[in-house]
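These notes concern the structure reproduced below.
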């Protein structure tokens, strides 16, 4: 059973303390990551890379240990971005759904991850639309 900090109920939380009650899960956000990617089923999409926008919302367990202002205690968004870029550069992908699924699996490989929402959008395919794509959500 989780112990409730009665100071939290009274509105008396001290932000300098590390033992305050967390309401989690925490979220790691990557917004509007722009990539060049070889993606699509049409012949013209096989000829050259195209602009793709990726958004990720990764829900993670609240870290029970004090963070001590140390990146070693968190999931690094920088590492996630590097891995997304590697996935996008790994070769031609037919479907945006496939790329989104690969990104989701990569994010959930960390044990601290609870769930992930991934949106992948192709930006220059349909002249009358700002973007077309897919958004998926996966749970551990």
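The values are calculated or read from the model by the stated rules, or taken from the named source; none is laboratory data. These numbers were taken from a predicted model, which means no experiment stands behind them. As a convention, Cβ positions derive from the backbone with ideal geometry for all residues, glycine included, and neighbour counts pool all protein chains shown.
Exactly one residue out of 62, 41, 21 is at pLDDT 95 or above, outside any strand (DSSP E or B), farther than 17 Å from residue 119 by Cβ and more than 13 Å from the chain's Cα centre (by Cα): that is 41. Condition test on residue 79, is it within 16 Å of residue 33 (Cβ to Cβ) and free of Cβ contacts under 8 Å to residues at least 40 places away in the same chain? So residue 79 fits the description; yes.
The set of residues in segment 84-121 that are surrounded by fewer than 16 Cβ atoms within 10 Å (Cβ to Cβ), out of contact with any strand residue (DSSP E or B) (no Cβ under 6 Å at 6 or more places or on another chain) and in a helix (DSSP H, G or I) comprises 85, 86, 89, 98, 105. Criterion first (within 27 Å of residue 24 (Cβ to Cβ) and in contact with a helix residue (DSSP H, G or I) (Cβ under 8 Å, 6 or more places away or on another chain)) does residue 116 satisfy it? It is true that residue 116 is within 27 Å of residue 24 (Cβ to Cβ) and in contact with a helix residue (DSSP H, G or I) (Cβ under 8 Å, 6 or more places away or on another chain).
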